[in-house]
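K.L.:
Below you will find the structure I want to go over with you.
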Amino acid sequence: RKEVEQDPGPFNVPEGATVAFNCTYSNSASQSFFWYRQDCRKEPKLLMSVYSSGNEDGRFTAQLNRASQYISLLIRDSKLSDSATYLCVVNEDSNYQLIWGAGTKLIIKP
Amino acid sequence: SQTIHQWPATLVQPVGSPLSLECTVEGTSNPNLYWYRQAAGRGLQLLFYSVGIGQISSEVPQNLSASRPQDRQFILSSKKLLLSDSGFYLCAWSPSDTQYFGPGTRLTVL
């Protein structure tokens, strides 16, 4: 069964803290991985793509562990504007159909 | 640059009425196109995808249908809406394995 699982949260984190959450996937043949950010009542927007062991973009770091079949997202020095739902997405084959996690809700508190 | 449009932004329809949602993409040719639905507080459910004009694949059997009459136009339809059709409908396009979303249509069926 195709599956991407995430802790739904919410994660309540003080501003300036570091927060990390994981996503597990079931298909070991998965090719590529993504984190999307979705604000309340808005469309998902691509945050990061992960094709090898990891990717870093400013305060955001995504890591891939193929042996344990999980992807993590680390946010350093969190800002109030980081409050959103973070969606983990996996591409299992070349058919460009993505498997979506249900998302992890993050709330950054002042 | 590529842009994706959806309309209307919000829609309130009575049970049993028809539905037509339109999605168009600019700035690219022969994109893969997708229709998703997101119920309140839930993850994305893939409804249909299309790899070319007239080519539609359905992921979930239900009272919805999709058509792709032109290369960059994707339409979601229903002859008779059900209460369970309420949700946030998102159109996405994909040049490869990454998907980019339109602003969505929030549908409420009463």
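Every read-out reported here was derived from the displayed coordinates using simple, explicitly stated rules and does not represent laboratory data. Values in this document were obtained by computation on a predicted structure and should not be read as measured data. So basically every Cβ, Gly included, is an ideal-geometry build from the backbone, and we count neighbours across all protein chains shown.
K.L.:
Could you look through region B:52-110, keep only residues that are touching a residue at least 24 places away in the same chain (Cβ under 8 Å), polar (S, T, N, Q) and within 27 Å of A:R37 (Cβ to Cβ), and pick out the one that is surrounded by the most Cβ atoms within 10 Å (Cβ to Cβ)?
P.N.:
B:Q99
K.L.:
Here's something else I'd like to know. Any residue in region B:28-51 that's in contact (Cβ under 8 Å) with a residue 60 or more places away in the chain and facing chain A (nearest Cβ under 10 Å): show its pairings with residues that are in a loop (DSSP other than H, G, I, E, B) and not charged (D, E, K, R) at Cβ separation under 6 Å, as long as the two are six or more apart or on different chains.
P.N.:
B:N32/A:Y96
K.L.:
Can you confirm whether region A:62-75 contains a residue that is surrounded by fewer than 21 Cβ atoms within 10 Å (Cβ to Cβ) and farther than 18 Å from A:E5 by Cα?
P.N.:
No, that holds for no residue.
K.L.:
Residues being among the basic types (K, R) and in a loop (DSSP other than H, G, I, E, B): count how many of those fall in region A:76-110. Explain how you work it out, then say what you get.
P.N.:
As a first pass, look at region A:76-110 and keep what is among the basic types (K, R): A:76, A:79, A:105, A:109.
Narrowing further to those that are in a loop (DSSP other than H, G, I, E, B): A:76, A:79.
Number of matching residues: 2.
K.L.:
Output the number of residues of region A:60-91 satisfying the condition of being charged (D, E, K, R) and touching a strand residue (DSSP E or B) at 6+ places or on another chain (Cβ under 6 Å). Walk me through it before giving the result.
P.N.:
Of all residues in region A:60-91, those charged (D, E, K, R) come to A:66, A:76-77, A:79, A:82.
When the remaining residues are screened for being touching a strand residue (DSSP E or B) at 6+ places or on another chain (Cβ under 6 Å), the result is A:82.
Total satisfying the criteria: 1.
K.L.:
Output the strands (runs of 3 or more DSSP E) that fall wholly within region A:8-62 and possess 1 or more residues being among the β-branched types (V, I, T) and under 18 Å from A:T104 (Cβ atoms), or say none. Lay out the reasoning, then the answer.
P.N.:
Numbers: elements: A:11-14, A:19-25, A:32-38, A:45-50, A:54-57.
The strands (runs of 3 or more DSSP E) meeting that bar are A:11-14, A:19-25, A:45-50.
K.L.:
If you don't mind, there's one more thing I want to ask. Can you name every one of the strands (runs of 3 or more DSSP E) wholly within region B:3-110 that holds 2 or more residues which are on the phi > 0 side of the Ramachandran plot and under 15 Å from the mean Cα position of the chain (by Cα)? Steps first, please.
P.N.:
Numbers: elements: B:3-7, B:10-13, B:19-26, B:32-38, B:44-52, B:55-58, B:64-70, B:73-78, B:87-94, B:105-109.
Strands (runs of 3 or more DSSP E) meeting the threshold: none at all.
K.L.:
Then there's this: Mind listing just one residue for me: the one in region A:36-61 that is within 14 Å of the chain's Cα centre (by Cα) and hydrophobic (A, V, I, L, M, F, W, C) and, of those, surrounded by the fewest Cβ atoms within 10 Å (Cβ to Cβ)?
P.N.:
Only one residue fits best here, namely A:L46.
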